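Undergrad: Below you'll find the structure I mean.
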């Protein structure tokens, strides 16, 4: 996995953000950090690597918040025993069952994504992340900087990883944010999953990538408030 500090100024609270597949930190640099240090985790092409150095840095903080998105919802749950105790844990457009006909990406859809990953990453996949064309245009101003080959390798690793593990989810996330037009992980599947595990959620007027609806990380943290 890769790590990038969006903000590291010795604040008392640390936000740990787990990205979705194929992403890096670049599209999230626009979000204001304010009085939070923010660590971005991405690229799950080597999930089993030693994370001791980054874990040691957690001792400098008094409080922790977890924000996860898409495939990151699943990865963070798998790694929960190596992570700090969080004051709040938020899942955005993802579930602990990333490939699942009722609670995640339908199996057939995921298999087709894997089969045609090279073509999809040349533009179609990115367009499907957004509800509105103007949001895709905004993304093109600060796009992901990873290569298609690197993103493809990550998906192959994730495919093998998911197929060889059985998840028995126990209540972990405090609440979820779901977009009403998610073309990657069907909105109805996300709702079904979180309702099954009695997890409250908020629905946004957005696509799979909803981060242009927010100006800061704190706005995401407070999205559960009326």
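The values are calculated or read from the model by the stated rules, or taken from the named source; none is laboratory data. Worth saying up front: this structure is predicted, and the values here are computed from it rather than measured. For neighbour counting, all protein chains shown are included, and Cβ atoms are generated from backbone atoms with ideal geometry for every residue, glycine included.
Undergrad: Is it true that some residue in the stretch 90-103 is out of contact with any helix residue (DSSP H, G or I) (no Cβ under 9 Å at 6 or more places or on another chain), surrounded by 14 or more Cβ atoms within 10 Å (Cβ to Cβ) and farther than 24 Å from residue 5 by Cα?
TA: For the stretch 90-103, residues out of contact with any helix residue (DSSP H, G or I) (no Cβ under 9 Å at 6 or more places or on another chain), surrounded by 14 or more Cβ atoms within 10 Å (Cβ to Cβ) and farther than 24 Å from residue 5 by Cα: absent.
Undergrad: Under the condition of being under 16 Å from the mean Cα position of the chain (by Cα) and part of a helix (DSSP H, G or I), which residue from the stretch 143-161 is surrounded by the most Cβ atoms within 10 Å (Cβ to Cβ)?
TA: Among them, the one singled out is 154.
Undergrad: Among the numbered criteria (1) outside any loop (DSSP other than H, G, I, E, B); (2) loosely packed, with under 15 Cβ neighbours inside 10 Å; (3) at negative phi, which single criterion is violated by residue 110?
TA: Residue 110 satisfies every listed condition except (2).
Undergrad: Let me spell it out: the conditions are (1) outside any loop (DSSP other than H, G, I, E, B); (2) out of contact with any strand residue (DSSP E or B) (no Cβ under 6 Å at 6 or more places or on another chain); (3) crowded, with 18+ Cβ neighbours inside 10 Å, and residue 209 meets all of them except one. Which number is the exception?
TA: Condition (1) is where residue 209 drops out.
Undergrad: Now for a different question. Quick one: in the stretch 62-83, of everything that is part of a loop (DSSP other than H, G, I, E, B) and free of Cβ contacts under 8 Å to residues at least 60 places away in the same chain, which residue is farthest from residue 172 (Cα to Cα)?
TA: Across the stretch 62-83, the extreme among qualifying residues is 62.
Undergrad: Next question. Right, residue 63: at pLDDT 90 or above, more than 17 Å from residue 158 (Cα to Cα) and over 19 Å from the mean Cα position of the chain (by Cα) or not?
TA: yes
Undergrad: Could we say that residue 138 is closer than 23 Å to residue 90 by Cβ and assigned to a helix (DSSP H, G or I) here?
TA: Here the answer is yes, as residue 138 does meet what is asked.
Undergrad: In the stretch 163-204, how many residues are assigned to a helix (DSSP H, G or I) and either in contact with a strand residue (DSSP E or B) (Cβ under 7 Å, 6 or more places away or on another chain) or surrounded by fewer than 17 Cβ atoms within 10 Å (Cβ to Cβ) (or both)? Spell out how you get there, then give the answer.
TA: Here is the first cut: in the stretch 163-204, the residues assigned to a helix (DSSP H, G or I) are 163, 187-196.
Okay, now just the ones that are also either in contact with a strand residue (DSSP E or B) (Cβ under 7 Å, 6 or more places away or on another chain) or surrounded by fewer than 17 Cβ atoms within 10 Å (Cβ to Cβ) (or both), so 163, 187-188, 190-192, 194-196.
Of the residues in the stretch 163-204, 9 are assigned to a helix (DSSP H, G or I) and either in contact with a strand residue (DSSP E or B) (Cβ under 7 Å, 6 or more places away or on another chain) or surrounded by fewer than 17 Cβ atoms within 10 Å (Cβ to Cβ) (or both).
Undergrad: Within the stretch 163-213, how many residues turn out to be free of Cβ contacts under 8 Å to residues at least 12 places away in the same chain and more than 16 Å from residue 99 (Cα to Cα)?
TA: Count: 3.
Undergrad: Could you tell me which numbered condition residue 133 fails, if it satisfies all but one of (1) under 27 Å from residue 1 (Cβ atoms); (2) more than 18 Å from the chain's Cα centre (by Cα)?
TA: Of everything listed in (1) under 27 Å from residue 1 (Cβ atoms); (2) more than 18 Å from the chain's Cα centre (by Cα), residue 133 misses just condition (1).
Undergrad: Among the residues of the stretch 215-226, write down those that are assigned to a loop (DSSP other than H, G, I, E, B), touching a strand residue (DSSP E or B) at 6+ places or on another chain (Cβ under 9 Å) and either at pLDDT 95 or above or more than 27 Å from residue 25 (Cβ to Cβ) (or both).
TA: 215
Undergrad: So, one more: Would you confirm, using the coordinates I've provided, whether residue 122 is under 17 Å from the mean Cα position of the chain (by Cα), under 21 Å from residue 139 (Cα atoms) and surrounded by fewer than 19 Cβ atoms within 10 Å (Cβ to Cβ)?
TA: no
Undergrad: Restricting to the stretch 44-60, count the residues that are part of a loop (DSSP other than H, G, I, E, B) and either under 21 Å from residue 221 (Cβ atoms) or modelled with pLDDT of 95 or more (or both).
TA: The total comes to 0.
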